[in-house]
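Here the structure is laid out as structure tokens; the discussion comes afterwards.
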Amino acid sequence: MSFTTSPNGPNVRYSRPSADRRSGLTNVHQRTPRPAVAADHVADAQATADHRQAQYFIRMLRQSREVIDHRIGRYQRVTAGSQARDDAESVRAVRRMMAIEEKDRQVLSEMIENLERRFLPRSSAPVPHISRRARPAVR
């Protein structure tokens, strides 16, 4: 670092330490090598994160499918009431809505199946749900 003075006050100029090779100084700002992280550990962490995210999306898709199932049941009750009153126009309108909901339900079911096939364990026995209280507190 060198100082010069000017009428407006002292000016400070910084020189790069790595540029001063004659004095034998080294660049103190060089990055020090970090310890290498095992590739297996990183892959395991990514796989765990992927599985958790897949489980989250499976839960969300199942909840959406349950909402659609509820709507389809309601449409079926409305259709039965409309048929009892001989209201053909209402029956057609409700059936169109029900067909749309059934298509949406099919899409959700396929998404759930694909996520389960890709991310859930392939063992024949279902994975039991362990409550948070039953989980060990080892970290």
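Read-outs throughout are calculated quantities, based only on the coordinates presented, and are distinct from any laboratory measurement. What you see is a predicted model; the values in this text were computed from it and never measured. Here Cβ is always computed from backbone atoms with ideal geometry, including for glycine, and neighbour counts include all displayed protein chains.
Table for the structure above
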{"item": "Overall Cα dimensions of region 48-119, principal axis frame, Å, largest first", "result": "56, 14, 12"}
{"item": "Environment charge of LEU61, counting only residues whose C-beta is closer than 13 Å and scoring Lys/Arg +1, Asp/Glu -1", "result": "-2"}
{"item": "Net charge contributed by nearby residues that have their C-beta within less than 12 Å of ARG96 (K/R +1, D/E -1)", "result": "0"}
